[in-house]
Amino acid sequence: MISVFGSANMDLVAYVSQAPKRGETVTGREFRTVPGGKGANQAIAAARAGTPVSFLGAVGDDGFGTEMRATLAEAGVDVERLRRVPGPSGIAHIVVDDAGGNSIIVVPGANGTVTGLTDEDRAVIAASQALLLQLELPMEAVVAAARAGRAADVPVILTPAPAQPLPDELLDAVTVLVPNEHEAAAITGVTDPDAAADALLKRVPEVLITLGSEGALYASRSGERLREPAVRVKAVDTTAAGDTFVGAFAVARAQGRAPAECLRFASAAAALSVQREGASTSMPTRAEIEDFLA
């Protein structure tokens, strides 16, 4: 079982030919509300990729909260530890252009109320094969979850997004850090991915840098270094590609696969997701991933 401690947002997605510049108004061609949030996305991606998942986080007592809980449950995610709190749920306003690029504004809502762990949360984490974390919850809660994972000898996989300074007390508990190339550069001050990986390995045992159309770079303190090229497909919407990649990678890793196999499995899942619109709605099943690899 994989546990995910993270955000749940309702994505408010506008599709346009070209994203507006500051002060500009453009006409969109479509609007959708899609359950998302980096935590919920990774939970759904992992569940669809073939493993039991427990989600720890919070939604509001509004309609968005009800819909997000139902979406997670329908994807096979255990939502027993998903708190329901007074007030609005988190939302993400997303603009997607015809090239598949996106820009996102996140308003935390209920996610901002998650400032720590309960004893039940710690028990779920301790029973996990891996713990997935991101940075859309308050930092003190993320640190507490990472420490709980480390104390229970559970591998902690952190996506450092949205990019922000990472305290040593957090990184000391992280097993695998999974930034994209921009986040890796922001953390290290180094733009070259290999050099950034070297810098990050001074702080965490394993690094996996996602490089968009250039694939992914994996490096570990043991000296292993791998590059996985991206699968060439026509991208329709890249909104959840990173979360799909991380969720699938965590599943493969929890199954004991070698790093190279984990990268191929995750890359295939991400390639499938970008060919579909939406976040949680774009994530492939295990059967789809295996068929794609075959």
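The values are calculated or read from the model by the stated rules, or taken from the named source; none is laboratory data. All values reported here derive from a predicted model rather than from experimental measurement. All Cβ positions, glycine included, derive from the backbone under ideal geometry; neighbour counts span all protein chains shown.
Per-structure values
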quantity	calculated
Within the range 255-286, considering residues that are within 19 Å of Leu72 (Cβ to Cβ) and among the hydrophobic types (A, V, I, L, M, F, W, C), the one modelled with the lowest pLDDT	Ala279
Unmet requirement for Leu293, which otherwise passes all of (1) of a type in the set (A, V, I, L, M); (2) surrounded by fewer than 17 Cβ atoms within 10 Å (Cβ to Cβ); (3) closer than 24 Å to Leu72 by Cα	(3)
Test result for Ala46, in a helix (DSSP H, G or I) and without any contact (Cβ under 8 Å) to a residue 40 or more places away in the chain	no
Residue in the range 44-61 that is surrounded by fewer than 24 Cβ atoms within 10 Å (Cβ to Cβ), within 20 Å of Thr244 (Cβ to Cβ) and hydrophobic (A, V, I, L, M, F, W, C) present	no
Options Asp97, Asp121: the member that is surrounded by fewer than 23 Cβ atoms within 10 Å (Cβ to Cβ) and out of contact with any strand residue (DSSP E or B) (no Cβ under 7 Å at 6 or more places or on another chain)	Asp97
Selection count, the range 274-289, where residues are without any contact (Cβ under 8 Å) to a residue 60 or more places away in the chain and in contact with a helix residue (DSSP H, G or I) (Cβ under 9 Å, 6 or more places away or on another chain)	4
Which listed residue, of Ala145, Ala163, is surrounded by 24 or more Cβ atoms within 10 Å (Cβ to Cβ), touching a helix residue (DSSP H, G or I) at 6+ places or on another chain (Cβ under 9 Å), closer than 27 Å to Ile91 by Cβ and not charged (D, E, K, R)	Ala145
Per-region count, the range 49-58, residues assigned to a strand (DSSP E or B) and either of a type outside the set (S, T, N, Q) or in contact with a Phe, Trp or Tyr (Cβ under 8 Å, 6 or more places away or on another chain) (or both)	5
